[in-house]
1. To the nearest Å, what is the center-to-center distance of the stretch C:316-351 and the stretch C:74-126, using C-alpha atoms only?
2. Looking at the square roots a ≥ b ≥ c of the eigenvalues of the Cα gyration tensor of the stretch D:561-655, which shape do they give, rounded for a/c under 1.5, prolate if a/b is larger than b/c, or oblate?
3. Starting from 0.36 nm per residue, how many nanometres of slack lie between residue C:318 and residue C:456 once their C-alpha separation is accounted for?
4. Evaluate the distance, in nm, between pseudo-label points positioned 7 Å from the Cα of residue D:791 and of residue C:432 along their respective Cα→Cβ axes.
5. Quick one: work out Rg over Rh on the C-alpha atoms of the stretch D:477-533, Rh as Kirkwood radius.
6. For the stretch D:278-295, list residues with backbone N below 20 Å from a point placed 7 Å from the Cα of residue D:553 toward its Cβ?
7. For chain D, what is the largest minus smallest coordinate of the Cα atoms on each principal axis, given in angstrom and ordered from greatest to least?
8. If amide H atoms are built 1.01 Å from N in the plane of the peptide, which residues on other chains or at least 5 residues away come under 5 Å of the amide H of residue A:64?
Amino acid sequence: METVITLLVGLLVSVATYLLLSKNVIRVVLGSAILSHAIHLLLITMGGLKKGGVPILGDKVETYVDALPQALILTAIVISFAVTSFFLALMYRTYQSIGTDNLHEMRGTNDE
Amino acid sequence: MRENDLILQTVSKVAVFIILTFGVYLFLSGHHNPGGGFIGGLTLSSAFVLLYLAFDVESVNAGIPLNYKMVAAIGVLIAIFTGMGSLLFGRAFLSQSSAYFNLPVFGKTGFATVTLFESGIALGVVGVVITIMISISEDV
Amino acid sequence: MNNILAFPMILPIIAGVLLLFFRLKPNVQRWGSVLTMVVVFLISLSILEKVMDEGILRLDFGEWAPPFGITFVADAFAMLLVTTSSLVTILCLLYAAFAKDEKREKFFLYPFLLLLIAGVNGAFLTGDLFNLFVCFEVMLLASYVLMTLGGEKKQLTEGIKYILINILSSWFFLLGIAYLYGTLGTLNMAHLSQRIAEAGQPPLLTTISILFLIVFSLKAGLVLYFWLPGSYGALPTAVSALFAALLTKVGVYALFRSFTLLFYHEPSITHTIIGVMAMMTMIGGSIGAIAYKDVRKIAAYNVIIAIGFILVGLASNNIESMQGSIYYLVHDILVKGLLFLMVGTVIYLTGKTRFDQVSGLMTNYPLFGWIFLITLLSLGGIPPFSGFAGKLLIGKGALVAGEYVMVAVAFLSSLFVLYSLLRIFLHMFWGETSILKKNQIYLSKGMLASCFILAVLTIGLGLGMSVVSPYVTDAANVLTNPHLYIEGALNND
Amino acid sequence: MISIHAFILIPILTAFLIPFIGKQFPKWHLGWVTLAVPILLFSFFVSKIPVISANRTITGSIPWIRALDLHFAVYLDGLSLIFTLLIAGVGSLVVLYSIFYLSKEKESLSHFYAYLLLFMGAMLGVVLSDNLMVLYLFWELTSISSFLLIAFWFHRKKSRYGAQKSFLITVGGGIAMLVGFIMLQVMTATNSVQEIIAMRDSIQDHELFVPALVLILLGAFTKSAQFPFHIWLPDAMEAPTPVSAYLHSATMVKAGLFLVARFTPVFGGEATWFWLVSGVGIFTMFWGSFTAVRQNDLKALLAYSTISQLGLMMSLFGLGSAALQGGASIDSIIYTQAIFAALFHLVNHATFKGALFMVVGIVDHGVGTRDVRKLGGLLSLMPITFTLSVIGSFSMAGLPPFNGFLSKEMFFTAVLNAHEMSMFSMDTWGLLFPVIAWIGSIFTFIYSMFIVFRTFLRPYRRERLEKDPHEASIGMLLSPIILCTFVILLFFFPNLLSKYLLAPAMNGILPTYQNMEGFIPKISAWHGFNLELLMTAGVVILGIILMNTYRFWNVIYDLFPEKRSLDRGYQWLLAASESGSKKATDHYMTGFLPNYLYYIFGFLLLTVGGTLFLSGSIVFDPSNDAPVSLYEAIFVGIMGITAVGILFAKSRMTATLLNGVLGYSIAVFFVLFKAPDLALTQLVVETVTTVLFLLCFYHLPEWSKEDRSWKVRFPKIILSIGMGALTVLIALSVQGNNLFESISSYFEDSYELAGGRNIVNTILGDFRAFDTMLEVVVLFIAGIGVYTLVKLKAPQGGDKIERK
């Protein structure tokens, strides 16, 4: 399972990288979102998959899956939500202000 | 935004209550079951998101006249000050503790600072998510 | 239990959030934030003293002993940086308070600045790798907002680039944490260090360490500084000064921590790469610094040169070079803040961004002109200003390490620093004045005061460097002897 | 001995006081206030002559930065004493002269005297410091004060140009010197010059010995305007003339000579040192005098002449260093005489060159020009000035009865001796020294005569002058008169100087030769008909001939046109490095984000991937894997297809929804992987994010097509596959490399420890509550940030520079 998920992560990273290299900002944001998905998946894989029960203490289960990565991912998800929403708003504002979503038109000048 | 989505609006009203209840449940059950401050808060705010989608911003705001930035700020402050509470008892920052009380109605009730901490978190999350939503949708 | 350790991070957060409630009271915002940072500075100083007396201090949040809970670890290195950062923040806030950019002030300029410094201080203090990530995010989110606060076109477009590159590096950071956790099963840095030492840093860990190198290089502007010149040019003065003083330094700090505490077993690979990167950075920064006439760009490339220079100390990897880097870091935090305040003020006074469009400011603002000259010399590492001690020791350390090429590049780069700024000085400050007395914009004493104090600090620090020496010696000692840090961060008594 | 420190600091502190005195007492002439300082210094150092000439030294030290072995350590021996006397003595005369030269009304005297005093203190610091780093400090301070003085009239473009040039070259040289110093410190573990001298034998074979030598010489050569670094000196003449007389001929430019003399005991005897110092010196001597002849500006002429004379002294120090090859011996004592000549000439040069600069200043002041094409016939109008110029020039040309004659003769002796050296392959090259020296001297003779003849003789043409010429006031004449008196006195009583100053200085430079027979020569004007005298005669005869035929042979200067001069080279270098840098930086700093991401991904693949492959850390060990069930496999398949689908989505709406599908699938995975909290969070977050996406996209245009050409796509694909592969390879290796147990089993006691059964939640709320708290702060910042971003808009009308 771990290998399969790792390969999936690899695929997601590839897709994300490809999108990140676009000149359209929306694609870039999607790329970043996919990259964060991929890394969350990877993080949980690193703790080992399905090696025990749900990490909620009960009487029936002897071993639990690694709970620490889950806590980290939860934090990471929230942070990526914060970042993504800010970035979306920025993208929207930028379009409103300069009328483009093309990075090529956002190069700025060298002032000379 | 949309005036004629009567069905959506009706469904939403019901759904919002369900979601709200579920959110509160999630928040409270977090200590022993899946859930907690974050998830509860997020769920609660998704209820509001739904409201905003179904109704327009102005009417929701008229119904719930809150400055969500301040809600978020208060949430953060609650979380921090809960953490600092332990300083008063000479404990390390963010030391949580719990105590049990015998309350008339609820019987033996556990009260943990964690709960307070998490309520700060939840409040913060709700405030932030709604602030974001309102800011963007108002502008649009 | 040293709860005081939490304050350099917590106090600014509390103040920042509280100030939200005083949105329309600019004076409360201004002086409230300055006051907060003064308190933070004093607290940091007292922690620093305590560290010198009692050794490395530790705070376990929630009283969960490491490696299970999160800890703040204060050694002299971290505390020196916290103290200096807080000091420079006071001055930048003071500048902002007098610059009275009311538009931004109404939109929470000060809360964001306070949250930024909270993240910075947290990053310096934390002893937990994942918490470092979170502190980074606090700092970065605040910087994202500050980057775009004001909504000018240039801010928005440069902001998009700045934010995307930083997001990318954050995800890489997370990736690195995932790998490290997968191999070592822990997050506490001291514990990580122990486990890496136990495993003898196998090749896989070296590979992962390079990933961290890339992550922190992106933050520090080491080789991968593409985001830096553009974004620093788009900011209001006080913010740009704070960015220049602090943001990259956090990356530098992380580089030093990770390659002295965690991945120090294979210097022939890791430190060699760092050395090459440091040289690339200095070269890139040097040619960038003389390429443009826009003063903000010149200043920004100077930030880059300094990063390379400081990293020479890490690459050389001996006690002298480490001491040198620490001296230089302290110096650079102050002087980069000063440089950006000066540059921003020049633009404020003249409305021009290119140095060939203005001349003769010396006639209009003599004291200001002299401060610029001091800034220039101090940045060039000329004694008796504060950069000299660091420059000297970095050079010595690199020579002892036999890194002759690096020494050559490093000292040549300081010539470029001098030249790039000298051009500004000669054009803008000397020459016939282009501003009539009656058209002269009033330079408020308050704005000048921040620059003046920083200039006095760079002289005072240069002359009185021996005051800082014991701290630096101690800090470098911990950096070169990781077991000291581990003892301080893990022992349970 | 605190007193010497005090005397270094007095001028510096006074420098800072001068502006305040000027403000407090606007009626005072600051020059008189200033004058007290060098006179005080001079009398102090004169009072030390008895101690020093008795072959003792005075030392003292004040700690500065102990941790770095930086001490404000002073060391006064014969060598430094000569310099201190020059600094204070010429300093007094220059200040006196400047009182009459600079107008109190028009000039900012407080700046002028502040800089001058700053320089004085710095220069004293250079010659008195025993600590390398403190020496460097003062060294750079002299450069800075010189920079400020050159640009004293900073509204002039040429002044700024000259100031910049001198700054870059001298400070640049200083930085090289600093590296050399650090190398010395690395070799000897001390910063004290005297201790380094004592350790000389133990460091000679160190690999840094020669590099340190070269770098320190770079410092000396730049400061002392040696070829090819001399180009800054002529431009430094933009400074007021008293400054030129003081800094750029008598004192600062001699700091390089001082440095060479000071380090002769360390490096002397080394072939590199010998060849560099004497070779560069002798060539500079020739080149300076050769170029001086063609100058039309009197100050430029003097500048080149200074360059030439500095070269002369430099070469003498170099030739003299040969005496240390193989240790001190009576056979080599003859070579030490070069150094003696250098020291003697050092003093002589300060006297006659100082006087000449002042004379030129008087002429400039009196007639308003220094251009020899306009000057002429001032003899009758300015008789005293004329007399002074004759004394100065003839001394410079090496004619009796002036001190220049004596040292010039000794110079010839030294080059002739050098010719007979048997070391450093001098048997092959040695002849060059006397030949170049002789040719250089001829040109020296010519330009010296030019000063007198072109300015004072030739026909007088009033119409070309700006003012009516008149003799200068006695105040202005006083200083050059005193200097000229020395020029003559030193010719008649040179041995007095030798006994009290030169001998102790020789002992300071060559301590191993102390008390040897013939080490301190007796200077005499007449030493029989020998080769030296013949050379001098030749110089005079040929010089007179060439001077009178100048218009026939001056075509040779066309071989060295302005266009191809070193000066132009310098300008070209600056311009080219600026434009080249711009080109290079523009090339990669395009401002186009994808480019930057290319670099970042590329660099990451290169370094991380490189390490991964080269270190051979790839491991693949799926034995520990959990089994894959069918529906899991299906889900993986769906996610893969969805992800790839995003790449091909035609509209951004499709892409957003596909991204949502991806997010929900991950939530499902979280359920499968026993992470209900995550699943819940992921579900809600994905929902809210998707709503946000849609909200923001509402007003955005449909996305434009990406460039589909292979040229763009190919590198993208390579990088993407590379990143994916790298992630996978490391991840798989990590899974095969589980080195340690995770700490997380500790958290399984969460109920006992923290009273919660949900481990994840307990970690978030208690074990790692701090993360959670900060996370909310992050979210909070983002929320308020979005609010400000949307609400605070820049005023219309484009980017305004922050000013409101």
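Since every read-out is calculated from the coordinates, none of them should be taken as a lab result. The structure displayed is predicted, hence computed values, not measured ones. Don't worry about glycine lacking a Cβ; one is built from the backbone with ideal geometry, like all the others, and counts go over all protein chains shown.
1. The stretch C:316-351 and the stretch C:74-126 have Cα centres separated by 16 Å.
2. oblate
3. Computed gain between residue C:318 and residue C:456 is 46.6 nm.
4. 5.0
5. Here Rg/Rh amounts to 1.09.
6. Correct set: D:283-295.
7. 115, 64, 57
8. Long-range HN contacts for residue A:64: A:53.
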